[in-house]
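Asker: Sharing a structure here in structure tokens format.
Laboratory data are not the source of any read-out in this text; all were calculated from the coordinates shown. Predicted model, so just to flag it, every value in this text is computed and none were measured.
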Amino acid sequence: DLDPVESLDEQHVLACGARPKALIEDDAIKHVAKFSSSADLYSVVKGEFIAMRLAALCGIRAASVSLVRAAGKDVLLIERFDRIKVTGGWQRKSMVSALTMLALDEMMARYASYQDLAEIIRHRFTAPSETLRELFSRIVFNILCGNTDDHARNHAAFWDGAKLTLTPAYDICPQARSGQEASQAMLISGNNRMSRIASCLEAAHHFLLSAPEALAIVEGQLRCIAKNWPRVSEEATLSGTDRNLFWGRQFLNPYAFTALEGSADVLRALADELRNSVHA
């Protein structure tokens, strides 16, 4: 059975993660505000803005975001989807994290698995087929954008007392990396957590996807990211230095396309072409 509902309260939201945060109310919408930090080596909040915007453009159901300036600093505003404006105040939507759904605690979080989460989706979620495709798409995008902080607290579902429904995606943020090799916070299938598209393709059947369907999802995201990168970078007023840092390192890192075999190797060739053809 599910543990007690853990809808995010204000103190929990402010305490999560290392990024400075605040809660902002704007008429019928509440936002979480994330601020840039003087300790940042690159524009972390702009990186998250770009990733969240590109995810939405790629067809992923992601939380709405906007980027503003305040007191000379960049501020990322993320629309809260766990609150509804009602007469006289706000209504809380009940949510549970993937950590709870997987019956794990923080000490056991390293064992959280997308394969196990897919099994829960098949039996306990509304619209399981569509949800499995959505979750698979989110894993692919995390790898393509360099987000390795996809731990089980960064996935959640609404709970109506009978069924679960996947929430919009949140906390999609490219992570700094010194080399190419990387691993996801959650296992993808079996004991494999390597940040490679090959890992996704090998796990596609757990998400009720055929090999051609999985290939099409990856190809579609690759083309979408490359097509929209210049425009979204402009929206973020990303500096040339940060563009060079993100493009080809976090976004479309070559390591993501290693170990592809057979017909899937066309994805590596496509990624190389797009990486070189798009001006960072």
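Asker: Once phi is turned into θ = phi - 60°, what whole-Hz ³J(HN,Hα) does the Karplus curve with 6.51, -1.76 and 1.60 give for every residue of the stretch 205-222, x standing for Gly and Pro?
Answerer: 5, 5, 9, 6, 10, 6, 4, x, 5, 5, 4, 5, 5, 5, 4, x, 5, 4
Asker: Further question on the same structure: So, in the chain, how many Lys pairs have Cα atoms under 17 Å apart, if the pair is 8 or more places apart or on different chains?
Answerer: Lysine pairs meeting the criterion: 11.
Asker: Given the -39500 (n - 2.57) contribution per DSSP H run of 4+ residues, what per-residue ellipticity at 222 nm results for the chain, rounded to the nearest 500 deg cm²/dmol?
Answerer: On the way: 9 runs with 105 residues, N = 280.
That calculation yields -11500 deg cm²/dmol at 222 nm.
Asker: Which whole-Hz ³J(HN,Hα) couplings does the stretch 79-92 yield from phi under the Karplus relation 6.51 cos²θ - 1.76 cosθ + 1.60, θ = phi - 60°, glycine and proline marked x?
Answerer: In residue order, the calculated couplings are 5, 7, 9, 9, 9, 10, 6, 10, 4, x, x, 10, 9, 8 Hz.
Asker: In addition: Counting only C-alpha contacts under 8 Å and six or more residues apart, can you give the relative contact order of the chain as a whole percent? The partial results should precede the final answer.
Answerer: Working: 456 pairs, mean separation 52.1, N = 280.
Relative contact order here is 19 percent.
Asker: Using a Gaussian network model of the chain with C-alpha springs under 10 Å, which one of Ser199, Ser239, Ser43 is most mobile by mean-square fluctuation?
Answerer: Ser239
Asker: Ok, one more. If the elastic network links every pair of Cα atoms under 10 Å, which of Thr100, Thr241, Thr87 fluctuates the most in the Gaussian network model of the chain?
Answerer: Answer for the Gaussian network model of the chain: Thr87.
Asker: Another one. Run through all the Cα pairs of the stretch 151-271 and give the fraction in each 5 Å bin from 0, expressed as whole percent.
Answerer: 2, 9, 16, 19, 21, 16, 10, 5, 2, 0
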